[in-house]
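One structure below.
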Amino acid sequence: MTSRAPAALLLASAAILLSGCGNSEKTSANSANANVQAVTVGVAKVGRTAIQRQLTVSSELVPFQEIDVYAKESGFVKTLNVDYGSRVKAGQVLAVLEIPELQLQLTQDDAAIQNARNMVTHAGNELKRVEATANVFHLQYERLNGVAKSKPGLVAQQEVDDAQGKDLSGQAQVEASKSSVESANSQLQVAEARREHDQALFDYAKITAPFDGIVTQRYANFGTLLQAGTSSSTQAMPLVKLSEDDRFRLVIPVPESSVRYIHLGDPVQVNVPSLAQTFPGKVARFSVDVKEDTRTMHTEVDVLNPNRVLVPGLYADATLTLEKKPDALVVPLQAVDHSGDNVSVNVVTPANTIEIRTVVLGIQTATQAEVLSGLNEGDEVVVSDRSSLRSGQQVHPKPVELMQYHSKEGQH
C-alpha cells in the first residue's frame, strides 16, 4: 500500500503537467492566429475639398488673321515700304504701283468732264435765248388777242392766229432747250462718275495693310510686275504675307464626351512648353457640331499676345476646366475598386474591422474622386494593397499622408 501511493502521486503530477503544457500551446496558437489576421493597412480619411475635372489638348498656335496681300490692278512696283519683319498699322501703305494706263485714262476723263461742262454752259445759254424769243412771241399774241376781243374787226383774225402759232412754237422750243440742258447735265454726271471710277482704280496703285500686323513673307521687289489679284486668267503673285500677331487662335478638337461642358467665354490656361510660360485664353467660338470621322467638335481659343512673345507655329497645351465643385466630398483614387459597373471602397470601422461599401462617384481626376453616396466625411478608407482583405477582417489602421490627395486640381 505504502509503495503504491508515491507512484500514484507521480502519475497525477505528470498528468497535470501535460495538461498545463497543452493549454499553454493552445493559447499561443490562438494568439499567433490573431496576429496573422490583424494586418496593418494604410488608410486616409474622407474629407471635403475643391475638385475639378480638366481637359488638356495640344495644338498649334496660328495667327488670328493671316493673308496674302494682292494688287487690285496690274502694275509695276514703284515703291516698296516694307520687308520681312516689318510691323505695320491698318491703312499703312505697303507699296505703290506704277500704272501708266490708268494715269492716261484719268487725263482723258478730265478732258471729257471739261467738254461736258462746256456743253452744259452752251445748253444753258441756248435756253436763255429761246426763252427770250418765246417771251416776245407770247407778248405779241397777248396784245393782238386782247385787241381782237375788245374791238372786234380792228385786227384780222389771221394775224391773231399767226401770233398764237409763233407763241406755241416758242414754248415748244423752250421745252426742247430745257431737255438739252438736262441731257448736258446728265453727260456731265456720267463723265464725273467715270472719273471717280478710274480714280478709285488708280488709288489701288497704293497697296495698304487691311489690319495691324507683321510682314512674314515678301514676294515682290522693285520693278516687279504684279498681276491683278482679281484676274483668273493669270497666276497672280501677292506682294507680301501679313499676319496679325497681337492675338492668336488655338484650334482644339474637343471629344464628344466633353462637348456639353464647353461654353463661350470659358477661361483656358495655355501652356507653351518651348517658352516655359502659361498664357490666359478663353473659348471664343466653336462649331456646335461633332465631326463624324473624329467624333470631336472644332473649338477655337483666343490668346492675346500684347508683348509679342508668341510666334506662329508654336505648340501649346490648352487646359479647359470641364467641371468644378468648391466643396466636394472626395476620396483618394487609390482607395477605389472597380468591378464591372460596381464601385466599392474598403472602410475601416471604429472596431478596426474591414467593411466593403458600394459608392457612387462624381467628378474624377488623376488622384481623387468625388463621392456622391456611400461614404461620410471622416470615414477611413484603405489606400494600401487590398487584394487579401476580407469583409469583417481585423486590421491595424495606419494613416498615410497622400500629397496628391490634397491637390485641388486634376487633369483628365
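The values are calculated or read from the model by the stated rules, or taken from the named source; none is laboratory data. Note that this is a predicted model, so its numbers are computed, not measured. Heads up, the Cβs are rebuilt from the backbone with ideal geometry, glycines too, and the neighbour counts pull from every protein chain shown. When the accessible area is computed, the model is the full protein with side chains, heavy atoms only, and any ligands, DNA or RNA have been set aside. Shrake-Rupley method; radii C 1.70, N 1.55, O 1.52, S 1.80 Å.
When a 1.4 Å probe is rolled over the protein heavy atoms, the share of accessible surface on the chain that falls to carbon and sulfur comes to 53 percent. Judged by the mean number of other Cβ atoms found within 10 Å, the most tightly packed of the peptides 386-392, 328-334 leads the ranking 328-334, 386-392. What region 219-364 shows is 52 Å² of accessible area per residue, with the surface traced by a 1.4 Å probe over protein heavy atoms. Candidate cross-link partners of Lys151 among the lysines, defined by an alpha-carbon separation under 29 Å and a same-chain spacing of 8 or more, comprise Lys166. Here the sum of -39500 (n - 2.57) over DSSP H runs of 4 or more residues, divided by the residues of the chain, equals -12000 deg cm²/dmol at 222 nm, to the nearest 500.
Straightening the chain between Ala38 and Ser58 buys 2.3 nm, computed as 0.36 nm per residue apart minus the Cα-Cα spacing. How about region 64-157: which chymotrypsin sites (Phe, Trp or Tyr not before Pro) there lie in a loop by DSSP and see at most 13 other Cβ atoms within 10 Å? When the chymotrypsin sites (Phe, Trp or Tyr not before Pro) of region 64-157 are filtered for loop state and at most 13 Cβ neighbours within 10 Å, Tyr84 remain. Put a plus charge on the Cβ of each Lys and Arg, a minus charge on the Cβ of each Asp and Glu, and nothing anywhere else: the dipole of the chain about its Cα centre is then about 1340 debye. Shown here: region 109-241, whose C-alpha atoms stretch 99, 30, 20 Å along the first, second and third principal axes, sorted largest to smallest. Note on Lys78/Asn118: beta-carbon distance plugged into 1/(1 + (r/R0)^6) with R0 of 30 Å gives a FRET efficiency of 0.30.
The loop-placed trypsin sites (Lys or Arg not before Pro) in region 264-306, going by DSSP, that have at most 13 neighbouring Cβ atoms within 10 Å of their Cβ come out as Lys291, Arg295. On C-alpha positions alone, give me the angle between the axis of helix 100-150 and the longest principal axis of the chain, in degrees, nearest 10. Relative to the chain, helix 100-150 is tipped by roughly 50 degrees.
A crude spin-label estimate for the pair Tyr219 and Thr107, with each label 7 Å from Cα along the Cβ direction, gives 3.2 nm.
Measuring r between the beta carbons of Lys282 and Arg48 and using R0 = 35 Å, the FRET efficiency lands at 0.75.
If the segment from Asp302 to Asp289 were pulled out straight at 0.36 nm per residue, it would be longer than the present Cα-Cα gap by 2.7 nm. For region 271-313, the square roots of the Cα gyration tensor eigenvalues, ordered a ≥ b ≥ c, give a/c of at least 1.5 with a/b greater than b/c, which places it in the prolate category. Subtracting the Cα-Cα distance of Asn135 and Phe211 from 0.36 nm times their residue separation leaves 21.0 nm of extension gain.
Labels on offer are (1) 5, 22, 32, 24, 13, 4, 0, 0; (2) 4, 20, 29, 26, 16, 5, 0; (3) 4, 12, 11, 11, 10, 8, 8, 8, 7, 6, 4, 3, 3, 2, 1, 1, 1, 0, 0, 0, 0, and the one holding P(r) over Cα pairs in 10 Å bins from 0, in percent computed from this structure is (3).
Tell me, how many Å apart are the Cα centres for region 239-301 and for region 307-364? If you average the Cα positions of each part, the centres end up 25 Å apart.
Within a straight-line Cα-Cα reach of under 20 Å, Lys398 can be paired with the following lysines, leaving aside sequence neighbours fewer than 8 residues apart in one chain: Lys45. Taking 28 Å as the straight-line reach from the Cα of Lys291, the lysines in range (excluding those fewer than 8 positions away in the same chain) are Lys282, Lys324.
Spacing of the modelled spin labels on Lys324 and Ser183, each 7 Å from Cα toward Cβ, amounts to 7.8 nm.
Placing dummy labels 7 Å off each Cα toward the beta-carbon, the span from Gln65 to Ala200 is 2.1 nm.
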